[in-house]
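Peer 1: Here it is, the structure, as structure tokens.
Derivation of every value follows stated rules applied to the coordinates shown; laboratory data play no part. Note that the structure is predicted; figures quoted are calculated from it, not measured. Glycine also receives a Cβ, built like all others from the backbone with ideal geometry; neighbour counts cover every protein chain displayed.
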Amino acid sequence: MGLVKSIRIAIVLLTTASAAHAQSLPGGFVYLRDVDPSIIQDIRYATSNNFVGRPLSGYGAGECVVTREVGMQLKAVQQELAARNLSLKMFDCYRPARASRDMIAWSQNGRETAAERRYNPKIRKTELFRLGYIASRSQHSTGAALDLTLVDLKADNSARYDPAKAYGDCTAPVEARAPEGSVDMGTGYDCTDAKGHTSAPSITPDQRAWRRRLVAAMAKQGFVNYSKEWWHFSLPGAGGAAYDFPIPPRRN
């Protein structure tokens, strides 16, 4: 009886732990790391390496959270890329609605710092919403929108962002921009400039080829690119209501 009782207790504890893990996110949402751990993540709004210069409200962990459908489609993209020694790299996934409100407050604070100008070299931040670079009600909050890039797994991706270094703005040559450990797409991530438009004519043939590669790989799984941001994709029909739950640390 002692052994049987111990087994029953172990089963109850395991079930409870699994339920607690599952309940850490609302139904239908998953950690991308649980779907495909090979996809590289650099969730920038959970760090100070972004246009606001600090973690945004609601980003309690640097984890990509998506709907299960989106996660499975990303896994299919990744499997195809792996055959070419490439990988997806996620910059942003689900975004709590409170983070969008945080962006609005930031845009109206009356300051324009040098670090912020790296991302907005020609546009004042008060204009970002009107011009369609930031949405007050973001698709990211439905779990169906993503910001991402490509990584060449054969390249040296060891360079890391140094907050003490004065980098060139997001439109500068790749050697002068803040390192992102990815292929050269012609601008940095979150670059609010015409050069960041997916079909911008001012980029090099190699940069254009990388953008086309990314768009094509995502399109095969139904993802649609936003023309003003080469990094932004969404999966039509996968999103619903906007959510505002904070992103909790993933339990191992």
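Peer 1: Semi-axes of the equivalent ellipsoid for the chain, please: Cα gyration tensor eigenvalues, times 5, square-rooted, ordered largest first, whole Å.
Peer 2: 34, 22, 17
Peer 1: What is the magnitude of the charge dipole of region 32-234 about its Cα centre, with +1 placed on the Cβ of each Lys and Arg, -1 on the Cβ of each Asp and Glu, and no other charges, expressed in debye to the nearest 20?
Peer 2: The dipole magnitude comes to about 420 debye.
Peer 1: A further question on this structure: Below 12 angstrom from the Cβ of PRO249, what's the summed charge of the other residues (Lys, Arg +1; Asp, Glu -1)?
Peer 2: Taking every Cβ under 12 Å from that of PRO249, the sum is +2.
Peer 1: Right, next: Where does each of 163-172, 47-56, 224-233 land if you order them by average Cβ count within 10 Å, highest first?
Peer 2: Descending packing order for the listed peptides: 224-233, 47-56, 163-172.
Peer 1: Roughly how many Å is it from the Cα centre of region 115-193 to that of region 206-243, as a whole number?
Peer 2: 16
Peer 1: When the Karplus curve 6.51 cos²θ - 1.76 cosθ + 1.60 is applied with θ = phi - 60°, which whole-Hz ³J(HN,Hα) does each residue of region 82-99 get, with x for Gly and Pro?
Peer 2: Karplus-based 3J(HN,Hα) across region 82-99 equals 4, 5, 10, 6, 10, 9, 6, 9, 8, 9, 7, 10, 4, 10, x, 4, 5, 5 Hz.
Peer 1: Can you work out the Karplus-derived ³J(HN,Hα) for every residue in region 36-47? Use 6.51 cos²θ - 1.76 cosθ + 1.60 with θ = phi - 60°, whole Hz, and x for glycine or proline.
Peer 2: Working through the residues one at a time gives 8, x, 7, 6, 6, 10, 9, 6, 5, 6, 8, 10 Hz.
Peer 1: Per 10 Å bin, what is the whole-percent P(r) computed from every C-alpha pair distance within region 97-211?
Peer 2: 12, 39, 38, 11, 0
Peer 1: What order, most packed first, do the peptides 125-135, 179-189 have when packing is the mean number of other Cβ atoms within 10 Å of each residue?
Peer 2: Those peptides, ordered most packed to least, come out 179-189, 125-135.
Peer 1: If a paramagnetic tag sat 7 Å from the Cα of THR204 along the Cα-Cβ line, which residues of region 180-198 would have the backbone N under 13 Å from that point?
Peer 2: 183-187
Peer 1: Next question. For region 90-129, what are Rg and Dmax over the alpha carbons, in angstrom?
Peer 2: In Å, with Rg to one decimal and Dmax whole: 11.3, 30.
Peer 1: Among HIS140, HIS197, what is the fewest-to-most ranking by other Cβ atoms within 10 Å?
Peer 2: Lowest count first: HIS197, HIS140.
Peer 1: Can you list, bin by bin at 5 Å, the percent of alpha carbon pairs in region 183-242, starting at 0?
Peer 2: Bin by bin from 0 Å, the calculated values are 4, 20, 28, 22, 14, 8, 3, 1.
Peer 1: Quick one: which residues, 5 or more positions from LYS228 or on another chain, have an amide H under 5 Å from its amide H? H modelled 1.01 Å from N in the peptide plane, none for Pro or chain starts.
Peer 2: Correct list: THR198.
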